[in-house]
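The values are calculated or read from the model by the stated rules, or taken from the named source; none is laboratory data. These numbers come from a predicted model, not from an experiment. Virtual Cβ from ideal backbone geometry, glycine too; neighbours counted across all protein chains shown.
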Amino acid sequence: MELKKRSEFPENELWDLSALYQDREDFLRSIEKTLEDINLLNEIMRRI
């Protein structure tokens, strides 16, 4: 089973993220922050 790219779906089947993020840059910053948080959590878990 092949995963489709977001651009391959009709607009009406996409999630509306405008209630969560002001723009694409805000969305991307959120992803970066989440990845940083995951890395921090992994570091903490290695020390336990």
Can you pull out the residues in the stretch 9-26 that are part of a helix (DSSP H, G or I) and either among the small types (G, A, S) or modelled with pLDDT of 95 or more (or both)?
E25, D26
From E2, E43, grab the single residue that is of a type outside the set (A, V, I, L, M), in a helix (DSSP H, G or I) and without any contact (Cβ under 8 Å) to a residue 60 or more places away in the chain.
E43
